[in-house]
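Trainee: A single structure is presented below for examination.
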Amino acid sequence: MSKVIDELSQDDFGKSFDTKIFGELKQKMNDQEKSGFIALALQIVGLIAIISLGGLVGLAVLFTTLIAAMIIALSSRKAVKKHQDMLGITNAELKEALAARRKKMK
């Protein structure tokens with residue numbers, strides 16, 4: 001998806017934005033995607049820990065990794081939302097622009 005994000009332009013929104021803030025938004029969206037993969041990996045590690053360790057130790061590792069995954073995912077989402085607010089973009093507009101960009105790339 002990062003290729004779609006990198007190719008995203010102001011024309012996909014039908015609006016004109018501050019170029020610097022728009023570039024930062026795209027970078028934060030790429031960072032959010034990476035943090036999503038890290039959060040998923042942490043969740044898998046937690047599940048493996050509870051299966052292999054079992055008991056209270058496994059549960060402690062599971063909850064620790066799940067909390068860490070939530071913190072990572074929410075912090076990156078907060079950064080994207082901040083830039084969306086600065087540009088006046090809603091989530092619906094962002095999804096429509098990404099869908100339009102995907103169609104153009106096909």
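Trainee: Residue under question is Gly36, and the condition is that it be modelled with pLDDT under 90 and out of contact with any Cys (no Cβ under 9 Å at 6 or more places or on another chain); does it hold?
Mentor: In short, no.
Trainee: Continuing with the same structure: Taking Ala68 as meeting all but one of (1) closer than 23 Å to Thr19 by Cβ; (2) within 16 Å of the chain's Cα centre (by Cα), write down the number of the exception.
Mentor: (1)
The values are calculated or read from the model by the stated rules, or taken from the named source; none is laboratory data. This is a predicted model, so every value here is computed, not measured. Note that we place each Cβ from the backbone using ideal geometry, even for glycine, and neighbour counts take in every protein chain shown.
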